[in-house]
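Structure first, commentary second.
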Amino acid sequence: MIQEHTHQLEERMEKSIDALRKAFNRIRTGRAHPSLLDGISVDYYGVDTPISQIASIVVEDARTLALTVWENSLVSDVEKSILRSDLGLNPNSAGAVIRIPLPALTEESRKTFGRQAKQEAEKTRVSVRSVRRDVLSNLKSLEKSKSISKDDERRIQDEVQKITDRFIARVDSLLTEKEKDLMDI
């Protein structure tokens, strides 16, 4: 019984951690990384399509991404989508290849990205706590219907809290790592 609840709990909390990692990958750190463009979509024959599905993305050097768009007719659309994104990037195209130089981060932009990282981390903490609340609510209903004893409920509650604390610590650790990455020059 305990394993069933804790497994479900850990599975749902792990999804929250994965979402946080993806959100952190979209926050720019000054180094070129293909995942920076993950949140950008292009209108491809009436369907919003991620850039990674219509172009190959490679890192040319530490501060430059190169996109090779597979259809020449989409080059301008890809450029416009990158310009519209909130990343502050200015793409340069040469034929089917789009180069995106990443400007050096200023102290102000580092702080802005740090605040954004903190907001993402807080959303994840709320998500983890929400999962805990759901599981504890299920436990209460099981105890009221006499499916489990009061002692079992208390034991599972303690285990749920330990798991929640462990996941919150992981969120804090990921945030600290991201903040350190942002402040590196």
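The values are calculated or read from the model by the stated rules, or taken from the named source; none is laboratory data. The model shown is predicted, which means the values in this text are computed figures rather than measured ones. Methodologically, a virtual Cβ is constructed for each residue, glycine included, from the backbone with ideal geometry; neighbour enumeration extends over all protein chains shown.
Suppose we filter region 1-56 for residues that are touching a residue at least 24 places away in the same chain (Cβ under 8 Å), not polar (S, T, N, Q) and not in a helix (DSSP H, G or I); how many remain?
Selection size over region 1-56: 14.
Pick out the one residue from 137, 147 that is in the same structural domain as residue 17 (by TED's automatic domain parsing), exposed (fewer than 13 other Cβ atoms within 10 Å of the Cβ), of a type in the set (S, T, N, Q) and in a helix (DSSP H, G or I).
That would be 137, the only listed residue that is in the same structural domain as residue 17 (by TED's automatic domain parsing), exposed (fewer than 13 other Cβ atoms within 10 Å of the Cβ), of a type in the set (S, T, N, Q) and in a helix (DSSP H, G or I).
A quick yes/no check of all residues on (1) modelled with pLDDT of 80 or more; (2) not in a loop (DSSP other than H, G, I, E, B):
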position	(1), (2)
65	yes, yes
68	yes, yes
79	yes, yes
82	yes, yes
86	no, no
90	yes, no
99	yes, yes
104	no, no
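For region 133-144, state whether one or more residues are of a type outside the set (Asp, Glu), modelled with pLDDT under 90 and farther than 18 Å from residue 8 by Cα.
Checking region 133-144: at least one residue is of a type outside the set (Asp, Glu), modelled with pLDDT under 90 and farther than 18 Å from residue 8 by Cα.
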